[in-house]
Each structure stands twice: as C-alpha cells, then as structure tokens.
Amino acid sequence: MTGADSKPLLQVEDLVRDYRLPRKSLFGRPESVRAVNGVSFSVDRGKSFGIVGESGCGKSTLARTVMGLETPVSGRVLLDGQDLFALPALALRRLRQKFQMVFQDPYGSLDPRFKVERVIAEPLEVLLPGLNRRERRERVGETLDSVGLKPVDADRYPHEFSGGQRQRIAIARALITEPELIVADEPVSALDVSVQAQVLNLIMELQERRGLTFLFISHDLSVVRHITDEVAVMYAGEIVETGPTHKVFADPQHSYTRSLIDAVPHPDPRRSRRLRRASQPAGGIG
Amino acid sequence: MSEGWAEVWRMGLRSRGFVIGGVVTLIFILIAVSALIWTPYPVAEIVVSRRFQGISAAHWLGTDQFGRDLVSLLMAGAVNSVAVAIVAVGLGMGIGVPLGALAAARQGWLDEIVMRANDFAFAFPALLSAVMITALAGPGAVNSIIAIGIFNIPVFARLTRGAALVVWKREFILAARVSGKGPLRISVEHVLPNIASVLIVQATIQFALAILAEAGLSYLGLGTQPPQPSWGKMLNEAQTLMFLAPQLAIFPGMAIALTVLGLNLFGDGLRDVLDPRLRRER
Amino acid sequence: MTLLAIENLCVELDGPDGTLRLLDDVNLFLSKGRCLGLVGESGCGKSMTALAIMGLLPRGMRASGRILLEGEDLLSIGEDRLCGLRGRKMAMVFQEPMTALNPVVPIGRQVAEGLRLHLGLTRHEAELRAGKMLARVGLPVERFPLGLFPHQLSGGQRQRVVIAMALTCGPDLLVADEPTTALDVTVQAQILDLIAELVEEFDMGLVLITHDLGVVAESTDTMSVMYAGKVVEDGPTDEVFQRMAHPYTRGLFAAMPSHSSDLDATRKRLTTIPGRVPDASSRPSGCPFVARCSFATDQCSDAPPPLERLAHRHSASCFNLSRVEGL
C-alpha cells in the first residue's frame, strides 16, 4: 500500500478541451474556442489542490473534464493510474465510486422531486443495485450524520432545507460511495459568509477524518488560500502559476496572480487603498 | 408526494378557471361514464311515431327525425368523444414524449432527424391531413382515432424536447451523471418527472382539440359511422333540418362547445396551479 | 449637510399567516459626499431598505416611519412626485447588469432616456450628453459606439453602462445594491474605484449594499450592520471594525477565511455562527440574534435590546456589550 501512496492520486496531463461555436455562415466551418489549453497538474493523496481564476478562465470546464463528464480533445486524466478516457463505459461507471463531485448551486444540484434519501443514495443505485432498503437507509443515515444532519432528514424534500443544509446534502451524496477524490466546483460561493464558514469547516474536517483528496475550484482567493495545500492559478484556459498555496500567496510570480491578489478587498479600513476623503472629524454631523 | 398534491389542490381552489373548468370536465366525464350503463332510452331505438318532439318531461331535450331520444344520443356521443380523445392523446403522448425525451437526451443527429420529421408533420394542417388519412384508409372510428393521434405526436415530441432541454442543463443532471447513470435512465428518473406538469397541461388542451377534431371528422362523415352516435355526426344530420328542428343542431353544438371550453379552462387553470409551485421549488 | 435620513422605518407584509415585519425600526443617516455601507447576510433586509428608499417596494408591502431626502418625506408623497425624483434626485444600480439593461435597446439610447424624460432634452442633445457620461465611466464613444447592444459588452462594461444611466441626471443620492457581486474580483475593484471617484466628483451620497465586509471596509465612511430586519450596529466604518461591538458583527468578521495575514492559517477551523438567519415569520420576540449568540442571557430572549450608544455616532443593540468587548 505504501507504494501506491507515493504515486499521486490524480494526474492531469496536457489536457485540451474545445467548445464549438455556432457557425457564422451557412457553409463556413464552425469555429471553436479553446476552453482548456494544455493543463497539467497532479494531486497527491490526502491533499487539497485549489484552482483559482475568474469567470470564463476554464476552471469549471476543467472540473467537468476531470470528472469524465466532458471528453477532451487531447490529454489524459489519470485517477490512481487509470486513464479515464481509455476505459470502457462500464469500467468508468464502476470507477466513479472513487471520485465524486460537489456542485456550486445548492438549489439546482438536488432534484426537487426526490426525497433526500433518494438524492443521497443515487450514486449507490448504479454501484450497488443489490442494496436492500434497510441497508440503504442505514448508509444514508450514517452519511447524513457525518455531514451534521439528522438521519430523519432523509424523509424530507430538498426545498425544506436552507442553502447551507442543501450543500451538506450534496456533500453527503458525494461521500456515500466513500470516494478518494472529491472535485468541488465553487461549493461555497452561493452561500452567506456565516454558512460558508460552516461548510468549509465541514470540508476540512472530512478531509482530515477520512483522508480525502480534494480538487477545489473557486474564484474566491481567500477561500482557496484557507483550505488548500497547493494552488494553480488559471487564466484564459491555461495555468499561469502553480505551487504550494502559502508560497503563491506570499510571493506571487506571475503578474496576473499579483493583480488577482491585490484586487481582493481587505476587511480592514486602515488598509484601504480606495480614495477616501481625508479622515473626517468624528463630530462632523450634518 | 401527498403533501405536494394537497398544495396543488389548495392553490387550485383559488383559481376560478381551474374550478369552473374542472367542474365542467368532471360533469362531462361522469355523463360519459354513466352512459355506459344507463341512458334514458336505448340509443339506437327508432320510433318513427315520436319524431321531432319538443322538450318534454319524457324527452328532456326532445327527439330527432327518427324519434330517438336526444339526451340518450348526447350521452352516448360523450362516450364516443371521450374514447376517441383518450386514445388519440394517449397515442400522441405514448410516441411523442419518448421521441422528444430521446431527442433531448441524445442530441446530435438523432435530435435532428426527430425534429425535422416533426417540422414535416407540422407543415400540414392537422385536420386536413386527418381528412386525407381517413379518406385513404376508409372512414371509421378507429381510423379517425389513428389520424388524430398521429397529429398529436409532433405536438408532444416538440414540447417534451423543449422542456427536457431546460432540465438537462440543471446541475442535478450532472450529479446523476457523476453517479454513473446513462442518458436513458436519467431521462426516466429525473427529466420526465420534472416536466410532467407541463405535459399534463398540454394533454388537457390536446384532449379538447381531439374532441373537436373527432366532431369535425364525423361531421364530414369520415369519423364514427352510424348507428354509433357522435356529436359531429348529429350536427351533420341536423344541418338539413335546421329550420324544421333547430334544437337538433343546437344541443350537440352546445355540448361540443361547453366541453371544449371546460377542458381549455381546466388546462389553463392547471397551468396556473402547477407553475408557481415549480417556480417556488426551483 | 444631511442628504438622507431614515427614521423608524418599518416595512410590513400581510401574509396568509399574519403580518410579517420585514424591516423593524431602521434608522439610517447619510451626508452629502459620503458613503454609507449596509452589510448583512441574505434576508437581513438590506435590499428591502434600498427598495423602500426608491419607493419601489413590491405591491402589498406597507412602509411606515419617515424617509427624508433633503428634508422631503418620500413616504408621504405621491407616486407622480416619486417618479420625478427617481432618476433625477436619486438613482439606483442593481446587482445584475444584464437584467437591469434592456437587451434590445442600444446603450446610448438607454443612457439618454433619463435625460429626455427628466430634463426634456432633444434626442440629439441627450445622446451627446449620454456619450460624455459613457466616456466618463470608461466607455469612450470611439471604442464603444452608442449603437452597441448590452450583449456586446462584458459584465463589467455593462455595469459601467448601468452606472452611467444612474448618473446622467446628476442625482444627489445613489443607491447601489450589491453592484459588484456578479463581477470578477479584478473587475470589482475597478467598478468600486469608479463609484468612489464619481461620488466625490458629483458630490453625491452613496448607499452601498453588500455582503462583503472587505468591500465595506474599503469603500465606505459609515456603515450599518443589519440582521433580521434590524440595524444591530452602526457607526463610522473604522470604528465599527475596530470595536466590533455586536456579537453578530464579530461573528461575521470571524467567519471570513484568511482575513489575517497569518500565512499558516491553512486548514485552521473558521469561527462559525451556528444556525441560520431566522425567517421573517419566525423571528424571536427578543433579540433576533439570540438563538445564534454565544453571549445570550435570559434577558436577550425577553425583549429586544435597544440601540445603545457606545461613542459619538457609534451604537450597537446588545445587552452584553461589555462582555463582548471584554473578550
């Protein structure tokens, strides 16, 4: 086992993904735009790897390609040494037990017509179709418990929960197969600050307790900085800078990384760089 | 789900169209069902001596040129209308919905073929083509049902595809794909339940259209054949007697108009009732 | 001088289960040339306050109290008068630039619309001034012709158009409801810079609504923290950040990841506020924050704490201010 551990769990090699645009003229060839352009990185077991970038930089496309939901033009995604896109469909389906995903929108990612139990047990339906009702309920209950919800919540519908609780349900769905890798695409950006902190704590706790590996995609630098070990900065489909998180944030090498870090507003009025009128006298009312 | 339906019911009682349309539709269906076991007089009973009677206690709406009881005829005609409409809409949904769902699920060339075939079917006015089909295949109830059913297919295929494409873009579909489910399974488990309300509403409206179409075909003599009664047929026969016994045309006409109006109101009401619920659930 | 004074503003809505109080006794104050930040999580009433100021509350909601814009009570004047004020004396910038713009009308005409309506300018004059305004917000006519449609612009550029629309008639009050939430962080910085510049240049008052404490810290002079329809703490921005008198303000601040420059903060647990914001229908009778507060005592659930003055212009509503600050 130690031999396997030294190898990275996820290896992404020179990944390229295009999107076709609608053709401009009737006979013209449809143009395409390169969403991900030659991206390579690897994530070690038990580590948390962050991908930051602004909207349209290709980070979500990258996440979906890593999940095998989109097929790349070229490049490989190796999970535990197995190339996702070289596997036959059935084997890929089975391999899905090892890598699951958490989505951004806690309102859109749960089918409103499914009860929570069915939502969470969905990955099991394919992997363990033989599971009987009682076993299924038990596993759902345990998983709900581990994300801070109650087993009785299994009988309720998603719309009865708040955004933060829904995101916990989504995390429970990803956990139920006991995966090794979780790809989280902006998992906290739709949540309020106080709830966001709860979900981030849960993610960190799960990672430590279960030794999970995370690929964490976000536009929010402070979130990525807080919970990842390594980070890659994406710009226009390419990784412009990568390295240990604390190093990248302390000493950014690429000018884009620097401008990104500088743009984050600091919750400290004394550090404000925005124009302010000279310090107003405290008594200057009306 | 029981909770969901209770809410639909509560919302429904607040919508005027839903209540009125629902009551009219219910009465129409009750009449059709009761006609299966009981009519005031045997439907086919011809008693020449009592023809062209006016409204009376014995014959509530009078009798026709053969002395048949108009109430009995209308009741039996309702059976015919319901049967034709159910089978025709069932045929349209049974083929159209899977086609549309498949087109949305698979995209690409399959989608193109299904949708272009749809466009082709839409290019002909439905009733005219039904006339053509029954004229070719021979008049009769079964052929008219098939003709009407065929023109329900593209309606449902297009509607299903459009609604399904919207659902396919939602994140819970991606989640299902991450779970390892294929497009067909996702269509059945996630997509169809989420577009069911749209389909139900459309089915109500198509039901009304099918009743109209059947009446139209029968009126032209291409639909239901005598002695089986049908509203369209009754209208046709009453046409020549318009000045002698106008009630023979008025009552079947009213029956058609009322039923279609009721179903349309019901469908519109249903849309109002189901849609806000969906919007809130998101 | 005082530009905007909101006194005892309450907004109520009659629902099927009784009357809901969405805003409860809100008091705000803004001088010309200054920027007031309204902070809070979703459902705290900050957008509701903005709509109340603009007289745009959804049908069925009743507002009471006073909203004084340069001494004129906006709640007691008619819709006609309000229409005359909106756009001319007060203007609003929304969160989603795409939905705030009409997709089928060129940007020049959208910006010129207010000028023609309020100032009665001719089409030509209005478009000329619209062009100048667009140039001022960073969209010079040479590169961004007036005939462009919103979909031909990026998110940040669209927000610039919305700002130009809001400012064409030279309003005295600008209400910006999460103006940068839909934008990328680098674009956000540019837009906030632009707004700050314009506030100074036009000597307007700005009400900036945001959930981001960083944005408040960087761009406002005074701030009010809202929670469950109430103002729980307000005062000069630096002072509020320095003292964080209310437990909710503290909690909000502590829940932000990596707010310190501590580089070893990776994987350290964040301080959370347990539970969630109560719905308008289930707010407790005492302090709205009582269920989530670690300082709560019996007193807190009995009656809502009054806004207590801590220093000149800085106040917070909490019974346990001394204990909170003692930490």
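General remarks:
- Averaged over C:218-231, number of beta-carbon atoms from partner chains that fall within 10 Å: 2
- Dipole size of chain C about its Cα centre, with +1 on Lys/Arg Cβ and -1 on Asp/Glu Cβ: approximately 500 debye, rounded to the nearest 20.
- Proximity of backbone amide H atoms, modeled 1.01 Å from N, is registered between A:Glu238 and A:Asn37 at under 5 Å, excluding neighbours fewer than 5 places apart on the same chain.
- Heavy atoms of A:Lys47 accessible to a 1.4 Å probe, total area in Å² rounded to 10: 90 Å²
- Look at the alpha carbon pairs under 8 Å that are at least 6 residues apart: their mean separation over the length of region C:2-44 gives a relative contact order of 41 percent.
- Taking region C:246-327 and dividing mean pair separation by its residue count, relative contact order in percent (alpha carbons under 8 Å, at least six apart): 26 percent
- Distant alpha-carbon pairs in region C:1-115 (separation over 22 angstrom), percent: 41 percent
- Peptides A:13-20, A:168-175 ranked from most to least packed give A:168-175, A:13-20, packing being the mean of other C-beta atoms within 10 angstrom over each peptide's residues.
- Region C:246-327 shape via C-alpha gyration tensor axes, a/c threshold 1.5: oblate
- Sum of -39500 (n - 2.57) over DSSP H runs of 4+, divided by residues of chain C (222 nm, nearest 500): -9500 deg cm²/dmol
- Tensor-based shape of region C:148-207 (alpha-carbon gyration tensor, a/c under 1.5 rounded, otherwise prolate or oblate): oblate
- Structure-based [θ]222 nm, chain A - -39500 (n - 2.57) summed over DSSP H runs of at least 4, per residue, nearest 500: -10000 deg cm²/dmol
- Fluctuation leader among B:Ala57, B:Ala35, B:Ala126 - chain B, Gaussian network, Cα springs under 10 angstrom: B:Ala57
- Theoretical FRET efficiency, 1/(1+(r/R0)^6), r = Cβ-Cβ of B:Gln239 and B:Met132, R0 30 Å, to 0.05: 0.85
- Under the Karplus curve 6.51 cos²θ - 1.76 cosθ + 1.60, θ = phi - 60°, whole-Hz ³J(HN,Hα) for region C:36-47, x wherever Gly or Pro sits: 10, x, 10, 10, x, 8, 4, x, 8, x, 6, 5
- Sparse-neighbour loop sites [chymotrypsin sites (Phe, Trp or Tyr not before Pro); region A:216-250; at most 16 other C-beta within 10 Å; DSSP]: none
- DSSP-defined antiparallel bridges as percent of all bridges, chain A, nearest 5: 55 percent
- Relative contact order for chain B, counting Cα pairs under 8 Å that sit 6 or more residues apart, in percent: 26 percent
- Unit Cα scatterers, Debye sum, chain A: log10 I(q)/I(0) for q = 0.09 Å⁻¹: -0.50
- Set A:Lys59/B:Lys169; A:Lys47/C:Lys46; C:Lys89/C:Lys132 screened for pairs whose C-alpha atoms are more than 30 Å apart: A:Lys47/C:Lys46
- The modelled label-to-label distance between C:Ser285 and C:Asp73, using points 7 Å beyond Cα along the C-beta direction, is 3.1 nm.
- The mean number of partner chain beta-carbon atoms within 10 angstrom of a residue's beta-carbon across peptide C:27-38 is 1.
- B:Gln65-C:Thr99 pseudo-label distance in nm [points 7 Å out on the Cα-to-Cβ vector]: 6.3 nm
- Peptide A:172-181 is shielded by partner chain Cβ atoms: per residue, an average of 1 of them sit within 10 Å of its Cβ.
- Global form of region B:1-128, assessed from the alpha-carbon gyration tensor, a/c cut-off 1.5: oblate
- Relative to the longest principal axis of the Cα atoms of chain C, the long axis of helix C:123-136 makes an angle of roughly 50 degrees.
- Antiparallel %, DSSP beta bridges [both residues in the protein assembly as shown], to 5: 60 percent
- Among C:167-176, B:193-202, the peptide with the highest mean count of other Cβ atoms within 10 Å heads the list, and the full ranking is C:167-176, B:193-202.
- Estimated inter-spin distance, A:Arg270 and C:Lys132, nm [label 7 Å along Cα→Cβ]: 4.4 nm
- Extreme residue, positive dipole direction of region C:246-327, given options C:Val324, C:Val290, C:Ala254 (C-beta unit charges): C:Ala254
- Karplus 3J(HN,Hα) series, Hz, for region B:38-50 with 6.51 cos²θ - 1.76 cosθ + 1.60 (x for Gly, Pro): 8, 10, x, 10, x, 5, 8, 5, 9, 10, 4, 5, 10
- For A:Arg45, residues with placed amide H under 5 Å, excluding near neighbours: A:Leu9
- Working note: Karplus 6.51/-1.76/1.60 with θ = phi - 60° gives region C:81-96 the couplings 5, 4, 4, x, 7, 4, x, 8, 9, 9, 9, 9, 10, 9, 5, 9 Hz, where Gly and Pro are set to x.
- Within the assembled protein chains, the solvent-accessible surface assigned to C:Asp177 is about 20 Å², based on a 1.4 Å probe.
- For C:Val93, the residues whose modelled amide H falls within less than 5 Å of its own, excluding neighbours fewer than 5 places apart on the same chain, are C:Val175, C:Ala176, C:Asp177.
The values are calculated or read from the model by the stated rules, or taken from the named source; none is laboratory data. Because the structure is predicted, anything quoted here is derived from the model rather than measured. Positions of Cβ are backbone-derived with ideal geometry, glycine not excepted, and every protein chain shown enters the neighbour counts. We work out accessible area using only protein heavy atoms, side chains counted, and drop any ligands, DNA or RNA first. Shrake-Rupley method; radii C 1.70, N 1.55, O 1.52, S 1.80 Å.
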